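The structure under discussion appears below in the form of structure tokens.
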Amino acid sequence: MVLAARALAKETMALDIDGQPAKQAVFRSYKASEMAGKPVRITNTGEAPVQAVVSVSGSPVTPEPAASNGFKIERNYFTLDGKQADVSKAKQNDRFAVVLKITEAKPEYGHIMVADYLPAGFEIDNPHLVSSGDSGTLDWIEDGEEPENTEFRDDRFTAAIDRASDDKSIFTVAYVVRAVSPGKYVLPQAYVEDMYNPSRYGRSATGTVEVRPAK
């Protein structure tokens with residue numbers, strides 16, 4: 001990438017950016033406030049073709065719907081003994097097993113990343129720190145997959161999984177969370193993606209949870 005950027009910088013080009021001439025490759029970042037009501041106009045004033053690459057990052061104004069493109073991901077909550085749980089009405093200090101069920105209709109070789117973002121009122125029981133949070137004790141889970149790597153962060157759980165074309169279509173990963181802070185929160189999406197083929201992905205819908213104070 002460095003060599004490509006260097007070669008690009010050496011190319012002869014002539015651009016006009018909002019009336020200001022530029023004779024070399026241009027790399028710029030703009031905030032939304034800087035572009036509000038004032039689009040950036042870039043004109044190629046030279047003879048050589050110019051390649052333009054635009055990247056946009058930000059949070060959607062409205063929640064994205066669930067999607068399945070090569071993968072389907074479903075997130076369910078259970079008590080630690082395997083009974084279905086209603087996480088939308090949790091009590092403070094309740095613990096839940098979060099089970100992420102992924103379906104790959106046509107398994108392919110790939111390196112898969114699964115990420116589940118936590119609502120603000122929940123924390124992960126890290127199995128590296130709390131022995132009672134070890135998801136290995138959840139022997140009632142079906143189609144369990146042993147990830148190559150897992151991370152237990154403040155805001156998310158992630159798992160890296162290697163897949164082969166002869167693997168089963170359905171596999172699951174799980175972890176344990178605890179309701180810690182009373183309040184009403186947004187339940188973010190769970191996401192699965194082929195790390196080297198981002199066109200293959202799946203995401204769940206968003207929701208809401210409420211953590212009620214312990215009595």
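The values are calculated or read from the model by the stated rules, or taken from the named source; none is laboratory data. Computed from a predicted structure; not experimentally measured. FYI the Cβ positions are ideal-geometry reconstructions off the backbone, even for glycines, and counts take in every protein chain you see. Only protein heavy atoms, including side chains, enter the accessible area calculation; ligands, DNA and RNA are left aside. Shrake-Rupley method; radii C 1.70, N 1.55, O 1.52, S 1.80 Å.
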If you take the residues in segment 52-77 that are without any contact (Cβ under 8 Å) to a residue 24 or more places away in the chain and not aliphatic (A, V, I, L, M), which one is farthest from I17 (Cα to Cα)?
Y77
Select from segment 189-198 the residues that are surrounded by fewer than 19 Cβ atoms within 10 Å (Cβ to Cβ) and either of a type outside the set (S, T, N, Q) or closer than 15 Å to K72 by Cβ (or both) and list them in ascending order.
M195, Y196, P198
Residues in segment 190-210 that are at pLDDT 95 or above and not charged (D, E, K, R) total 6
Out of all the residues in segment 162-183, which are open to solvent by 50 Å² or more (accessible area, probe 1.4 Å) and in a strand (DSSP E or B)?
D162, I170, R178
Residues of segment 109-126 classified as over 21 Å from I141 (Cα atoms) and open to solvent by less than 10 Å² (accessible area, probe 1.4 Å), total
4
What are the residues in segment 20-60 that are farther than 29 Å from T206 by Cα and charged (D, E, K, R), if any?
K23, R28, E34, K38, R41, E47
Which members of segment 70-108 meet the condition of being open to solvent by 80 Å² or more (accessible area, probe 1.4 Å) and either modelled with pLDDT under 90 or among the polar types (S, T, N, Q) (or both)?
D81, Q84, K89, N93
What pairs come up if the first residue lies in segment 30-41 and is closer than 16 Å to V53 by Cα and among the aromatic types (F, W, Y), the second is in a loop (DSSP other than H, G, I, E, B) and open to solvent by less than 100 Å² (accessible area, probe 1.4 Å), and their beta carbons are under 7 Å apart, counting only those six or more places apart or on different chains?
Y30/V40
